[in-house]
1. In what sequence do 210, 385, 133 fall when counting other Cβ within 10 Å, fewest first?
2. Under a GNM of the chain (C-alpha, springs under 10 Å), which listed residue has the highest mean-square fluctuation: 387, 59, 331?
3. Rounded to the nearest Å, what's the spacing between the alpha carbon centres of the range 230-253 and the range 316-331? Just the number, please.
4. For an R0 of 45 angstrom, estimate the FRET efficiency from the Cβ-Cβ distance between residue 328 and residue 204 and round to the nearest 0.05.
5. Tell me the angle of helix 57-68 to the major Cα principal axis of the chain, expressed in degrees between 0 and 90 and rounded to the nearest ten.
6. What number in nm² do you get for the range 10-92 if you take the convex hull of its Cα atoms and divide its surface by four?
7. What Kirkwood Rh does the range 251-389 have if only Cα atoms enter the pairwise 1/r average? Answer in Å.
8. Would you please put 137-149, 256-268, 20-32 in order of how densely packed they are, using the mean number of other Cβ atoms within 10 angstrom per residue and starting with the highest?
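None of the figures in this text is laboratory data; all of them are computed from the coordinates on show. Bear in mind that the values here come from a model prediction, so they are computed numbers and not experimental data. Glycine also receives a Cβ, built like all others from the backbone with ideal geometry; neighbour counts cover every protein chain displayed.
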């Protein structure tokens, strides 16, 4: 059984096989050669893994973000944030952070934010006197906020894997996401002051009103999504469906920027992306089931609890593991693979599973732009047309900021749980 659970997956990963094939091969081998169980259990668990109401939100949010990412919606969001920031030091960089957070409150897909906000902001950052190294690092890093601030697809997947409430985890992600955005804004203001980079135009109410009216259609999406969820009007899945309809109305009927053919193209792109996600969800869930059947999580929990480590050191070790995994594996695969192992463990030492969901999400958000294989790095390279060396050098200070925020979020549970008390309870 050790061969199927450990040696075979490691060998296939080193050979470069896709993660879903690695997991599927491990489960198939275990069932065929090491377990007295019919192979029909494999396809039953595969289909059962994606037969969840909460997972319906995944294609809906992807489609809404795909629609909002086309046309001038991102540019309208940037204009609204820029008008509100005014002449503060580093105003363009602050606008970049704020625009990414707003766009993330629509799509929840980090790579889409890097591509969309990157195209809109890189020329402006250059004109404002920011070097390419700084701009590349900022644009690559800010997209990671999007899987922390709701709606977040990795959070949906964590809740499905750990059997937790999506609205509660969404609420728990609000303050950590705002904390990271605030730390990023503080850093870019310090950077601008240190390097003699000025601010934008002075704040004026007429300009802000005009930008608000111009961006009202785009700004309505996060209001509807989050307001509907926390107001008890609809569930996260229903909110995602409403967001799809709202995106079509805004893009086709209000702004008149997309044709019906463009909408069908967005739907096709969403179907492909959703298929890629759900096949990983299915295979990782089956692998998690195999681990549970063989009592691996229980054995690990018993062993670690027997070591009588203080909770802070255990959380530190888990953070290191998650950071390492996040450097090589996409967040959804990592969540589905590690949740069956880690959730029972942290629950045994008294950590709230909702708080732990935020810890997992922040760790894997860092992995999105951490060398060597962070997906945001390669999206930024493709969109910004900058060399990898420039991006790698630029993200270093932003990795440090995220790590500092991770430490606060890990050891101050109130940062996460305050949102649950205020918005859900």
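1. Ranking 210, 385, 133 by Cβ neighbours within 10 Å, fewest first, gives 385, 210, 133.
2. Judging by the Gaussian network model, the answer is 387.
3. 33 Å
4. 0.40
5. 20 degrees
6. 10.5 nm²
7. 17.7 Å
8. Taking the mean over residues of other Cβ atoms within 10 Å, the ranking is 137-149, 20-32, 256-268.
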